[in-house]
Amino acid sequence: MSTVRPLIVGWKDLRKLGWPYSRAETWRRMKATITITRKAKGEKRRVAEVIPNPDQFPSCAKLGYHRNAHPVWRVSDVLAYFEAHGLAVTRDWEAP
């Protein structure tokens, strides 16, 4: 029996690892900047601001040139992101 672990994970594998968000939310979390709205002092309307994403999910890569090619993520980046959020998945991943 082989205990070889993959170097990349696709969308379905990401879900098996415990990723609870949809595809659209995943793409939003991968962006480098986000737009927020705040109420400016002395103004009645809200003002939009673009700020750096404080909790950016690792970026994906595509294995083809077509825009509908499957996105894949590096396992090490995904596990590091999970570890930073308090999930002990690396021990489970490395266990035989």
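Taken together, the values in this text are just the output of simple stated rules run on the coordinates, not laboratory data. Just so it is clear, the structure is predicted and the values come from calculations on it, not from any experiment. Cβ sites come from the backbone with ideal geometry, for glycine too, and all protein chains shown count toward neighbours.
Can you give the net charge of the other residues whose Cβ lies under 14 Å from the Cβ of MET30, counting K and R as +1 and D and E as -1?
Net local charge, MET30 excluded: +3.
Looking at region 6-96, which chymotrypsin sites (Phe, Trp or Tyr not before Pro) are in a loop (DSSP not H, G, I, E or B) and have at most 12 other Cβ atoms within 10 Å?
Those satisfying the criteria are TYR65.
Within region 8-94, count lysine pairs with alpha carbon atoms under 21 angstrom apart where the residues are 8 or more positions apart or belong to different chains.
4
Restricting things to Cα coordinates, could you compute the convex hull volume per residue of region 26-96 in Å³?
Each residue corresponds to 123 Å³ of Cα convex hull volume.
Using the Cα gyration tensor of region 43-83, with a ≥ b ≥ c the square roots of its eigenvalues, what is the shape: rounded (a/c below 1.5), prolate (a/b larger than b/c) or oblate (neither)?
Oblate is the answer for region 43-83, as a/c is 1.5 or above yet b/c matches or exceeds a/b.
Can you give the angle from 0 to 90° between the axis of helix 75-84 and the longest principal axis of the chain, with both taken from C-alpha atoms, to the nearest 10?
60
How much mean residue ellipticity at 222 nm does the chain get from its helices, if each DSSP H run of length 4 or more adds -39500 (n - 2.57) and you divide by all residues, to the nearest 500 deg cm²/dmol?
One gets -8000 deg cm²/dmol as the mean residue ellipticity at 222 nm.
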